[in-house]
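The values are calculated or read from the model by the stated rules, or taken from the named source; none is laboratory data. Predicted model, so just to flag it, every value in this text is computed and none were measured. Note: ideal-geometry Cβ built from the backbone for every residue, glycine included; neighbour counts use all protein chains shown. Please note that ligands, DNA and RNA were not included when accessible areas were found on the heavy atoms of the full protein model with its side chains. Shrake-Rupley method; radii C 1.70, N 1.55, O 1.52, S 1.80 Å.
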Amino acid sequence: MIKKKGLYYPLEDFKKKALVKNKSIYKEAKKSPLKFWEKLAGDVFWRKKWSKVFKHDPPYFKWFLNGKLNFSENCLDRNIETAKNKVALIWEPEPVDERPRYFTYFDLYREVNRFANALKELGIKKGDKVGIYLPMIPEVVIAMLACTRIGAVHSVIFSAYSPQALKVRLQDTQEKLLITADGYYRAGSVIDLKKNADEGIKGTKVKKMVVVKRMGNSIKFNKRNNIWWHDLMSKQDDFCEPRVMDSEDPLFVLYTSGSTGKPKGVVHTCGGYTVQAKFTGKWIFDIKDDDIFWSMSDVGWITGHTYSIYSPLLNGASFVMFEGAPNWPEPDRWCSIIEKYGVTTFYTAPTAIRMFQKYGEDLVKKHDLSSLQILGSVGEPIDKESWLWYFKEVGNKKCPIVDTWWQTETGGILITSLPGVGPFKPSFAGLPFPGVKFDVLNSKGKPCSTEEKGDLVILPPFAPGLLRGVYKNPKRYKKTYWNQYGENTYFTSDIAYKDKNGLIRVVGRSDDMIKVAGHRLSTGEMEDFISKTLLVSECAVVGIPDEIKGEMPVVFVVPSKKLTEKKKEDLKKSVVEQIKKGIGPIAFPKEVYVVSDLPKTRSGKIMRRIMKKLFSGEELGDLSTLANPESVDELKKALK
Ligand code: PRX
């Protein structure tokens with residue numbers, strides 16, 4: 001890229017070939033965002049065109065009203081018309097000696113149709129919820145698409161979530177069917193997924209489980225309500241008529257952490273999500289016919305939905321799906337995969353970049369990464385040093401880096417500079433996607449001045465893929481997103497600022513959410529679980545900086561009775577165990593402290609802010625408003 005006054009721009013050669021190379025697109029979109037999105041929607045396959053592009057009934061809104069379409073038809077049928085034998089999915093298993101699996105668009109089409117028929121045989125109908133608790137194997141793509149083919153609403157639950165975390169989610173959506181697998185590999189070990197699934201469905205409405213045989217490990221198989229995927233598929237027809245859906249019908253639910261202990265089911269709809277997923281992917285990753293796209297995110301997260309799977313399919317691209325950990329069995333496995341398949345677009349999280357960096361550039365230099373054209377970053381702020389390392393060592397100073405800001409709720413990327421236009425600035429996500437209006441507001445609700453930090457908000461007409469609700473919880477929808485600045489302003493819960501060029505830098509969250517290795521976790525959910533399962537009278541979890549993972553949770557517990565040193569150690573171990581049980585290994589705490597009191601206001605509010613500051617070394621400020629300032633001294637001692 002070319003560097004001018006601290007900003008980076010794409011090379012002329014890159015720009016010439018880019019799908020979007022002209023700044024004028026921003027002007028056009030700004031003039032009439034509705035006309036702009038309408039134009040993009042024209043490139044999606046609709047069974048019936050919409051009658052109205054946008055309707056706003058704050059805090060609700062709709063896009064492409066009365067339009068009819070089917071999502072899987074857009075991902076598959078449309079591509080087999082022109083690229084039937086093009087490879088869609090390249091699956092790289094974790095063991096290096098196992099053969100990859102390839103699916104052309106036509107292969108995938110047939111598998112999806114068959115599984116859609118299988119779902120029907122199991123009694124699944126339009127609007128029914130289907131739980132998917134699968135690892136990164138091709139069957140997860142087939143299962144998700146099959147749901148969308150018959151109008152069922154999938155809820156994918158991250159396969160590394162614990163049985164307890166699975167249960168909470170299933171109890172909310174009340175699925176009758178869960179699709180899972182016998183097991184999967186993770187960094188060389190075999191994870192017994194079926195066991196977790198069996199435990200997780202206890203106390204839920206799940207009546208049947210379809211089980212994919214991935215590992216052949218020995219599992220408990222209950223013939224009454226367990227069905228092998230392969231048995232079910234063997235008798236299905238190759239065609240299933242796609243169910244024509246309304247633009248505003250739900251497409252999927254995905255749970256994400258919220259400020260309270262309970263995760264919330266974010267609802268995305270058929271029309272708006274499709275248009276946005278297609279075009280954000282196409283333009284931000286400049287997807288061309290001969291590209292090989294690889295987004296490393298697990299399908300259990302929104303990035304896994306939109307960019308590891310759906311956007312590449314909507315754009316008829318070939319994409320890689322990797323089962324394992326990028327540093328397994330060797331730290332440069334990710335480089336080997338890029339080299340092996342000639343990956344052109346690589347999309348990962350800053351945590352992974354920091355980890356790669358730690359292993360040193362010599363490992364990277366052992367590989368030919370010259371196929372790379374675009375690099376992406378997602379999920380958490382990327383620091384300047386990591387950005388520059390990624391740029392120099394991985395992208396050889398030629399690839400634009402799209403630092404993409406978005407959320408489970410936004411469904412697709414809404415801030416990043418476009419690769420053929422720029423400008424790019426290390427640690428800045430960049431410009432809003434054309435047709436989307438952002439602002440940064442101060443506490444009075446007024447726009448912040450340049451470089452002034454404030455709340456990042458989205459203004460009408462928002463974006464077609466923005467969430468339409470929190471599953472069965474309109475109160476929470478209103479309170480979380482439309483309360484702070486009124487019902488016309490979507491509150492992101494992020495703190496950001498703009499520079500003089502209008503580039504946006506997202507600094508972090510303003511709520512008690514933490515980002516551990518790019519995964520969004522709620523400290524409230526952890527606290528809830530600890531308090532419920534252990535004999536503690538109080539507990540507080542805060543996120544503290546971590547060199548690799550960005551942030552990690554630290555737990556403070558106050559036992560309900562006085563403990564010996566030995567018992568305190570036992571309690572610490574139990575806290576770690578309980579967090580693993582309640583959420584999963586991703587929430588593993590960096591440290592657990594057993595203390596006799598937590599700093600509180602006179603009204604009893606635990607001052608987590610103070611605890612965080614103890615780690616960052618920041619000034620603690622005025623402690624006189626605390627009911628128990630002496631508790632801070634105890635914490636200081638514990639931290640030493
Ligand atoms: O705080 C922002 C951070 O991740 C949050 C959304 O998390 P989640 O719903 O799990 O979705 C992650 C993947 C899209 C945001 O509110 N975030 C995401 N991308 C960035 C980011 N922070 C800074 N820079 C980014 N590029």
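When Tyr26 is tested against (1) without any contact (Cβ under 8 Å) to a residue 24 or more places away in the chain; (2) within 30 Å of Lys397 (Cα to Cα), just one condition goes unmet, and that condition is (1).
For the range 486-529, the set of residues classified as open to solvent by 40 Å² or more (accessible area, probe 1.4 Å), within 11 Å of the ligand (Cβ to nearest atom), at pLDDT 90 or above and charged (D, E, K, R) consists of Arg505, Lys515, listed by residue number.
Condition check: more than 16 Å from the ligand (Cβ to nearest atom) and of a type in the set (Val, Ile, Thr). Does Ile548 satisfy that? I'd like the intermediate steps shown before the answer.
On the way: more than 16 Å from the ligand (Cβ to nearest atom): yes; of a type in the set (Val, Ile, Thr): yes.
So Ile548 passes the test.
Within the span defined as the range 235-252, one or more residues are open to solvent by less than 10 Å² (accessible area, probe 1.4 Å), outside any loop (DSSP other than H, G, I, E, B) and within 16 Å of the ligand (Cβ to nearest atom).
Within the range 182-198, can you find the residues that are in a loop (DSSP other than H, G, I, E, B) and open to solvent by 10 Å² or more (accessible area, probe 1.4 Å)?
If we filter the range 182-198 for residues that are in a loop (DSSP other than H, G, I, E, B), which is where we start, we get 182-183, 187-188, 192.
Listed by number, the residues that qualify are Ala187, Gly188, Asp192.
Among the residues making up the range 565-589, those that are surrounded by 15 or more Cβ atoms within 10 Å (Cβ to Cβ) and not in a helix (DSSP H, G or I) are Ile583, Gly584, Pro589. Go through the residues of the range 555-563 one by one and say whether even a single one is free of Cβ contacts under 8 Å to residues at least 24 places away in the same chain and either buried (at least 16 other Cβ atoms within 10 Å of the Cβ) or not aliphatic (A, V, I, L, M) (or both). Yes: one or more hits.
Name the single residue, out of those in the range 590-640 being β-branched (Val, Ile, Thr) and either part of a helix (DSSP H, G or I) or open to solvent by 70 Å² or more (accessible area, probe 1.4 Å) (or both), that is modelled with the lowest pLDDT. I'd like the intermediate steps shown before the answer.
Keep residues of the range 590-640 that are β-branched (Val, Ile, Thr), which gives 592, 594-595, 601, 606, 610, 625, 632.
Filter once more, so that each one left must be either part of a helix (DSSP H, G or I) or open to solvent by 70 Å² or more (accessible area, probe 1.4 Å) (or both): 610, 625, 632.
Values: Ile610: 90, Thr625: 79, Val632: 93.
By that ranking, first place goes to Thr625.
When the range 1-51 is limited to residues that are among the hydrophobic types (A, V, I, L, M, F, W, C) and in a helix (DSSP H, G or I), the one that is most open to solvent (accessible area, probe 1.4 Å) turns out to be Leu34. Put simply, of Ser377, Ser297, Ser336, Ser371 the only residue that is away from the ligand (no atom under 16 Å from the Cβ) and either surrounded by 22 or more Cβ atoms within 10 Å (Cβ to Cβ) or not in a helix (DSSP H, G or I) (or both) is Ser371. If you take the residues of the range 400-442 that are away from the ligand (no atom under 13 Å from the Cβ) and without any contact (Cβ under 8 Å) to a residue 60 or more places away in the chain, which of them is nearest to Gly502 (Cα to Cα)? So, considering only residues that are away from the ligand (no atom under 13 Å from the Cβ) and without any contact (Cβ under 8 Å) to a residue 60 or more places away in the chain, the one nearest to Gly502 (Cα to Cα) is Asp439. Touching a residue at least 24 places away in the same chain (Cβ under 8 Å), assigned by TED's automatic domain parsing to the domain that holds Phe106 and part of a helix (DSSP H, G or I): does that describe Ile309? So Ile309 passes the test. Screening the candidates Asn473, Asn483 for the property of being over 26 Å from Gly6 (Cβ atoms), open to solvent by 40 Å² or more (accessible area, probe 1.4 Å), in contact (Cβ under 8 Å) with a residue 40 or more places away in the chain and under 25 Å from the mean Cα position of the chain (by Cα) yields one hit, Asn473. Gln357 fulfils the conditions (1) within 23 Å of the chain's Cα centre (by Cα); (2) more than 16 Å from the ligand (Cβ to nearest atom); (3) in a loop (DSSP other than H, G, I, E, B); (4) not basic (Lys, Arg) except for a single criterion, (3).
Matching residues to (1) within 12 Å of Val632 (Cα to Cα); (2) of a type outside the set (Lys, Arg); (3) touching a Leu at 6+ places or on another chain (Cβ under 7 Å):
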site	(1), (2), (3)
Thr564	no, yes, no
Lys567	no, no, no
Lys572	no, no, no
Val576	no, yes, no
Pro589	no, yes, no
Arg602	no, no, no
Ile610	yes, yes, yes
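Remark: pairs (first residue in the range 596-614, touching a residue at least 40 places away in the same chain (Cβ under 8 Å); second residue of a type in the set (Phe, Trp, Tyr); Cβ separation under 8 Å; 6+ apart in sequence or on different chains) = Leu598/Phe556; Met611/Phe556. The set of residues from the range 253-273 being of a type in the set (S, T, N, Q) and in a strand (DSSP E or B) comprises Thr256, Thr269.
For the range 380-399, residues that are within 12 Å of the ligand (Cβ to nearest atom), hydrophobic (A, V, I, L, M, F, W, C) and open to solvent by 10 Å² or more (accessible area, probe 1.4 Å) total 0. Would you confirm whether or not the range 423-433 contains a residue that is surrounded by 23 or more Cβ atoms within 10 Å (Cβ to Cβ) and polar (S, T, N, Q)? Taking every residue of the range 423-433 in turn, none turns out to be surrounded by 23 or more Cβ atoms within 10 Å (Cβ to Cβ) and polar (S, T, N, Q).
When we screen Val140, Val96, Val87 for residues that are closer than 20 Å to Met321 by Cα and in contact with a Lys or Arg (Cβ under 9 Å, 6 or more places away or on another chain), the only hit is Val96.
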